[in-house]
Amino acid sequence: MEYPTILAERFGPRFRTQEPMHVHTNFRIGGPAQYYVEARSVDEVRATIAFATQQRIPWVVFGGGSNTLVADAGFPGIVIQLANREVTISGTQVTAGAGAITAAVARQAGEAGLTGYEWAVSLPGTIGGAVRGNAGCFGGETKDVVREVQVLRCSRAGEWQIDVLPAADCGFRYRHSIFKEQSEWVIVAAVLALAPGDAAQSRQRMADYLARRKAKQPLERPSAGCLFTNVELHRLTEAQCAQLDAATGGTWRAVAHDGQLPTGWIVEQSGCKGLRVGDAMISEKHGNFVVNLGHATAADVMTLSDLVRERVRAAWGIDLHEEVQRLGDGASAH
């Protein structure tokens with residue numbers, strides 16, 4: 001029996017061939033996945049990875065598609081969509097499946113009278129993606145609330161098993177975690193430690209965060225959120241600081257906050273707002289967003305990203321680093 005038949009018998013309509021990935025990404029960009037599986041439990045994730053490994057089929061785990069650029073050629077293997085979205089609350093502890101929508105978890109925690117995670121209501125994507133990239137906004141970061149992470153990884157005996165990593169072992173730093181270094185480790189759930197709060201106050205905070213996001217970000221067009229990470233001040237050399245001082249009269253120091261220089265500001269100062277390649281354009285509202293004007297391709301986005309990086313490097317001597325995860329063309333495959 002061929003493996004497409006085996007997967008179809010196990011997953012039914014949750015298994016598809018030549019699945020268009022543009023419908024699963026916020027960018028609305030991407031070619032087809034050769035095979036696509038919607039896994040609703042840890043056992044289904046485990047079984048699919050084990051099967052793909054046994055059959056030597058490339059595989060990749062996919063979250064909410066909020067921070068992902070899928071290649072125009074698609075993905076030549078199995079895309080495993082994490083759809084384990086269970087959320088349980090016990091005291092001040094929230095346990096969420098990796099496929100749970102981050103904003104929904106924030107709302108559920110707030111309604112349960114817990115505080116400390118309201119800022120996450122403005123984050124797109126899933127809990128698994130938020131943990132992997134240590135996602136954050138409005139001064140909050142995922143590492144601030146994570147107590148432990150449940151991880152599916154292969155043992156020396158070749159068996160896929162769940163291990164629990166305390167937050168201290170997750171290698172969290174700005175927009176990074178150990179899971180970016182260990183690409184075959186699959187986050188299946190996270191435990192968040194919050195604090196007692198007031199549901200009405202949490203609702204108000206979340207409303208405020210959403211209003212601020214709407215005012216600053218180009219939500220009216222498809223995008224993958226911020227294309228680049230912000231520039232960490234401690235990584236700037238004396239020469240780069242001097243170059244910034246000379247070019248901006250020192251105003252960049254007033255713009256910097258929380259140990260970072262916003263990349264959106266740097267891109268704007270480099271004259272890149274409105275820069276366009278095909279139907280991919282640097283937003284005129286926020287310099288760190290690439291928006292899809294309708295028919296942008298992954299190639300358009302990658303070319304535009306390269307152009308922006310070249311201009312910023314020429315103007316400030318600063319190398320920008322992409323925050324968006326690329327999928328396909330050999331990237332992120334197992």
Hey, can you tell me all the residues within segment 45-75 that are farther than 17 Å from Arg14 by Cβ and small (Gly, Ala, Ser)?
-> Ala50, Ser66, Ala71, Ala73, Gly74
Could you tell me whether segment 224-240 includes any residue that is assigned to a loop (DSSP other than H, G, I, E, B), closer than 26 Å to Ser122 by Cα, free of Cβ contacts under 8 Å to residues at least 60 places away in the same chain and not assigned by TED's automatic domain parsing to the domain that holds Asn134?
-> yes
Here the qualifying pairs (Cβ atoms under 7 Å; residues six or more apart or on different chains; first in segment 127-138 and among the polar types (S, T, N, Q); second crowded, with 22+ Cβ neighbours inside 10 Å and not in a strand (DSSP E or B)) come out as Asn134/Thr142; Asn134/Ser177
Strands (runs of 3 or more DSSP E) enclosed by segment 278-334 - at least 2 residues per element that are touching a residue at least 60 places away in the same chain (Cβ under 8 Å) | 289-292, 325-327
Report whether or not Val301 is outside the structural domain of Gly129 (by TED's automatic domain parsing), surrounded by 14 or more Cβ atoms within 10 Å (Cβ to Cβ), more than 19 Å from Ser66 (Cα to Cα) and of a type in the set (A, V, I, L, M).
-> no
Looking at Ala195, is it among the aliphatic types (A, V, I, L, M) and within 30 Å of Ala112 (Cβ to Cβ)?
-> yes
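Residue-by-condition table, conditions (1) loosely packed, with under 15 Cβ neighbours inside 10 Å; (2) out of contact with any His (no Cβ under 9 Å at 6 or more places or on another chain):
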{"residue": "Leu227", "(1), (2)": "no, yes"}
{"residue": "His234", "(1), (2)": "yes, yes"}
{"residue": "Leu244", "(1), (2)": "no, yes"}
{"residue": "Arg253", "(1), (2)": "yes, yes"}
{"residue": "Gly259", "(1), (2)": "yes, no"}
{"residue": "Trp265", "(1), (2)": "no, yes"}
{"residue": "Gln269", "(1), (2)": "no, yes"}
Is it the case that segment 63-80 has a residue that's touching a Phe, Trp or Tyr at 6+ places or on another chain (Cβ under 8 Å), in the same structural domain as Arg14 (by TED's automatic domain parsing), without any contact (Cβ under 8 Å) to a residue 60 or more places away in the chain and among the polar types (S, T, N, Q)?
-> no
Restricting attention to segment 3-41, and to residues there that are of a type in the set (Asp, Glu) and over 20 Å from Ala100 (Cα atoms), which single residue is surrounded by the most Cβ atoms within 10 Å (Cβ to Cβ)?
-> Glu19
If you go through segment 188-222, how many residues are of a type in the set (Lys, Arg), surrounded by 15 or more Cβ atoms within 10 Å (Cβ to Cβ) and either touching a helix residue (DSSP H, G or I) at 6+ places or on another chain (Cβ under 9 Å) or in a helix (DSSP H, G or I) (or both)?
-> 3
Any idea which of Ala120, Ala104, Ala109 is in a helix (DSSP H, G or I), in contact with a helix residue (DSSP H, G or I) (Cβ under 7 Å, 6 or more places away or on another chain), among the aliphatic types (A, V, I, L, M) and touching a residue at least 12 places away in the same chain (Cβ under 8 Å)?
-> Ala120
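The values are calculated or read from the model by the stated rules, or taken from the named source; none is laboratory data. This one's a predicted model, so the numbers in the text were calculated from it and none came from an experiment. Here Cβ is always computed from backbone atoms with ideal geometry, including for glycine, and neighbour counts include all displayed protein chains.
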